[in-house]
Amino acid sequence: MGKGDTRRGMLRISYIRTSLPRIASICTLASCCSVATSNLPPPAVAFITPHHRSIHHRQSSLTSHFRLQSLLTPNQKQGSIKQCNDRLGFTQIMSESTTSVSETEPTTMSDDSDPSCNSSGEHFDEQQFAAFESAIEEIVSKKNVMQSFKKNEEDLTVVTQLLLDKRRYLPQWHIHQFLPSKDSTNKSHLAESSNGEKDAVLVPYTKQKLRERRQMYLDRTGLTVPQHKLATVLLAHLADHCAKNSSPGPLHVAWEKVLEAGMTPLSRTLSTYLYVLSLEGDIDTSERDVSAEVAMFHDGLYEPTEKTITLLVKSFVSRGDAEGAEALLDGIADGPLGQLRHRTTSPILKLYCEKGDIDSALRLYHRMRTTSRVKMDAATYADFIAAVAKNGYFTSDANCILGAEDLGYSQACGLELLDSLITEMAEDVLDISEESARVLHNGFALGFKECGVDTIPDSDSMKPIETLCDNGSLVANRVAVDKATAKCPATDTTLRLIVLEKSQRVHVHDTLIDMAREKSMEYTAKLASKGRSTSDNVEKAERATQILREFSEWLDKREGKPYTAIVDGANVAYFGWGRINVHQLIHMVSALEKQGEHVLVVFPQKYTYKKFHLRAGMMQVLKDEEVEFLEGLKEKNQMYVVPPMCLDDLYWMLACVSNQTQSTNGENIDVAKNNTEGRFPGLRPMAISNDKMRDHKMDLLEERAFRRWCCSHIVNYNFTEFVEDQREEREISFYAADVFSDEIQRNDCPGEGGGVAWHFPVSEWDGNERFCLRLPS
């Protein structure tokens, strides 16, 4: 044993002697000890890491200790450990499990005892054993397995025969007998080295119990230590086999074999067990939870993982014990997994909501929102708000939710609380699903029964309402918002267009400048992959950045009329064709100018030449009139030619967020909704493009800001087909930027006592449809 191992062992001994329990619920799960004088279940050695050996974290353990006490019920604090164990269906069978490792003597069977008997007098389950037997026989018949055991063929035969024996060779030990009690972890258990001396290293309780069990098994069966290791490896092969075939059945018997023989599988093998057992789906609460046992066993040997913690939480939740599940998370609050995750907390929140325990649900909900690693989704918000509504906490005469004001909510019930919760939801969520809309509808229908709103079955779709509702009625319905006026038909509310904030516009601008270098490097790499080697790539990338920056400065400093429409020239010229159609670009500029827009076309340089390559094997030659038109746009400063090795998309996107300081002279160039000129309403400049910008979306902005930019700046178009001559002027349909934003928003309703209305975009509905929510006044 190395000095490093010895030092780590001594640190662990020191830590255990001085710290209070941090994991209570995991040991409650396994009923691994009697109630200690502190009335708390015991800690788990496996959760101790170097990060938690400081004085600060010992003090954090004290905090966790008292917090956990507040969560436990009086029965948990004063009752027997069996009451806690019954939560997960575990039973305490052997009293020696409550003693420390140093006080426990290996239990052996007398020579004249029946080796087939166990504590309950049963053999392995016949059906499960048949699946196990078939899988083992298939594994040992494989060539690759036989080759790996080539030097141990005789041992493999012995081990295989023993594993396929349906009898139990030792009294059955349950999982709690391999996990530590409080007394056992607070004592230093010194491992004996090969020379008989004591090493100053603590042996984790679970490993020590496995050693004892292994020795009992070796004494009983006559296996050698190498054969025992071979059996462990064979069962690891079985786990991989079951994973490959999505067959969890054989692992039930394999798990019994692991416990009976005192095997120590690798962490990877136990993870495979967990994956395969998860394929069985939700367990019956009356059945034994093998997945939870494997998770606890893993955490007794190795550092806990998010997966093992999630499984233990799931096991608590499946038995209706939300408090126990939350106490488990409290127990690791100071550990490496102390940062809660959505997958570990959302099942507990859902259970609180189903039980109608809104006090506890709000406390956990607030904890989830204020934890950085928990990413709240739309369904979680909708389910929680619907549960609060269902239990009547949003009515005008509702009781207050206990502890709400302590969590920072100005009101603990009623409309003000609903406003606070949906405001929090709108910060994290942009839209909801149709299922979440139904959940919200039903929750409010049940919470406001006096309004006479029917619930909607899962099989029915929500029908939109088209008439104005009086202020005394509950609105929790689908509505179609008027595309021109942004008016809601049910509440007469006008939805707003929420635009980019100044800081977000600056962020878009600066990000596009930074992207110029990146996109240039990507382009040269793409050329190289096609065998078209380039040189001075870094220098060209820097040059691309500089050119885009110069374009930005030109927009900001140029004099003259400000640009109000930026045309993605390549997108328009290519639209509906396999080549550049300059006449299509001519029609576009003409149509925009007739609507009072001052146009800037952004066009790649290669398409301004008389002759150019479109793609491999295809050359295009422009007609004189087409070249003349392009030259005319340049002369009028209505075309910006993007140099080679530069991405034209970045230029028209940047032009949309340019301030055009000199040309606007501080004047607002946006167009009002009801302007008399018949122009498209919205922000200026607008961008004319059908580009979905999938390549740039994640680089530019987070989802909310990206939507705001698209809603307020991007205008799509469509051309009617030409009949004979493509030069003939054709009708162009414009799909203007939205007049109201595609995100959750709150607005005041008109009239006295109109209240407020919330509108939620629903992903499966039409773009102008919303789920509208307004409480009765």
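The values are calculated or read from the model by the stated rules, or taken from the named source; none is laboratory data. Note that the coordinates shown come from a computational prediction; the quantities given were computed from them, not determined experimentally. Glycine gets a Cβ as well: all are built from the backbone with ideal geometry, and neighbour counts include every protein chain shown. Just the protein is used for accessible areas: all its heavy atoms, side chains included, with ligands, DNA and RNA removed. Shrake-Rupley method; radii C 1.70, N 1.55, O 1.52, S 1.80 Å.
Computed quantities for the displayed model
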| item | result |
| --- | --- |
| Residues within the stretch 449-464 that are in contact with a helix residue (DSSP H, G or I) (Cβ under 7 Å, 6 or more places away or on another chain) and surrounded by 15 or more Cβ atoms within 10 Å (Cβ to Cβ), tallied | 3 |
| Hits in the stretch 645-696 (condition: under 25 Å from Ile547 (Cα atoms), of a type outside the set (S, T, N, Q), in contact (Cβ under 8 Å) with a residue 12 or more places away in the chain and assigned to a loop (DSSP other than H, G, I, E, B)) | Met645, Cys646, Leu647, Val657, Arg684, Pro685, Asp691, Met693, Asp695, His696 |
| Failed item, numbered, when Glu303 is tested on (1) farther than 20 Å from Ala131 by Cα; (2) acidic (Asp, Glu); (3) more than 29 Å from the chain's Cα centre (by Cα) | (3) |
| Residue, nearest to Phe448 (Cα to Cα), within the stretch 478-495, restricted to residues that are assigned to a strand (DSSP E or B) and open to solvent by 30 Å² or more (accessible area, probe 1.4 Å) | Arg478 |
| Qualifying positions in the stretch 681-695 - at pLDDT below 85 and open to solvent by less than 40 Å² (accessible area, probe 1.4 Å) | Pro681, Gly682, Met693 |
| Selection within the stretch 351-377 - more than 23 Å from Gln411 (Cα to Cα) and crowded, with 18+ Cβ neighbours inside 10 Å | Leu351, Val374 |
| Selection status of Ala573, assigned to a helix (DSSP H, G or I), small (Gly, Ala, Ser), without any contact (Cβ under 8 Å) to a residue 40 or more places away in the chain and open to solvent by less than 10 Å² (accessible area, probe 1.4 Å) | yes |
| Subset tally (residues that are part of a strand (DSSP E or B) and open to solvent by 40 Å² or more (accessible area, probe 1.4 Å)) for the stretch 741-777 | 2 |
| Any hit, the stretch 712-721, residues being modelled with pLDDT of 70 or more, part of a helix (DSSP H, G or I) and of a type outside the set (Val, Ile, Thr) | yes |
| Among (1) assigned to a helix (DSSP H, G or I); (2) modelled with pLDDT of 95 or more - the single one Val641 does not satisfy | (1) |
| Residue in the stretch 656-673 that is modelled with pLDDT under 85 and not polar (S, T, N, Q) present | yes |
| Positions within the stretch 733-758 being at pLDDT 95 or above and touching a His at 6+ places or on another chain (Cβ under 9 Å), in sequence order | Ile744, Gln745, Arg746, Asn747 |
| Residue in the stretch 435-448 that is touching a residue at least 24 places away in the same chain (Cβ under 8 Å), open to solvent by less than 60 Å² (accessible area, probe 1.4 Å), part of a loop (DSSP other than H, G, I, E, B) and out of contact with any helix residue (DSSP H, G or I) (no Cβ under 6 Å at 6 or more places or on another chain) present | yes |
| Exclusive hit being of a type in the set (S, T, N, Q), modelled with pLDDT of 65 or more and touching a helix residue (DSSP H, G or I) at 6+ places or on another chain (Cβ under 6 Å), set Thr185, Thr157, Thr206 | Thr206 |
| Output for the stretch 265-274, where each listed residue is of a type in the set (A, V, I, L, M, F, W, C) and open to solvent by less than 10 Å² (accessible area, probe 1.4 Å) | Leu270, Leu274 |
| Breaking point among (1) more than 29 Å from Glu702 (Cβ to Cβ); (2) open to solvent by 30 Å² or more (accessible area, probe 1.4 Å), for Lys502 | (1) |
| Any hit, the stretch 510-524, residues being open to solvent by 70 Å² or more (accessible area, probe 1.4 Å) and either of a type in the set (A, V, I, L, M) or more than 33 Å from the chain's Cα centre (by Cα) (or both) | no |
| Residue within the stretch 247-264 that is open to solvent by 60 Å² or more (accessible area, probe 1.4 Å), farther than 17 Å from Tyr169 by Cβ and not β-branched (Val, Ile, Thr) present | no |
| Of the criteria (1) over 22 Å from Gln504 (Cα atoms); (2) over 42 Å from the mean Cα position of the chain (by Cα); (3) not basic (Lys, Arg), which one Pro644 fails | (2) |
| Residues of the stretch 545-578 classified as on the phi < 0 side of the Ramachandran plot and either among the hydroxyl-bearing types (Ser, Thr, Tyr) or at pLDDT below 90 (or both), total | 7 |
| Residue among Gly666, Gly617, Gly632 that alone is surrounded by fewer than 21 Cβ atoms within 10 Å (Cβ to Cβ) and under 30 Å from Val499 (Cβ atoms) | Gly666 |
| Among (1) open to solvent by 50 Å² or more (accessible area, probe 1.4 Å); (2) within 13 Å of Leu512 (Cβ to Cβ); (3) at pLDDT below 85 - the single one Leu700 does not satisfy | (1) |
| Every pair of residues 6+ apart whose Cβ atoms lie under 7 Å, when the first sits in the stretch 301-313 and is closer than 22 Å to Gln208 by Cβ while the second is part of a helix (DSSP H, G or I) and among the β-branched types (Val, Ile, Thr) | Leu301/Thr206 |
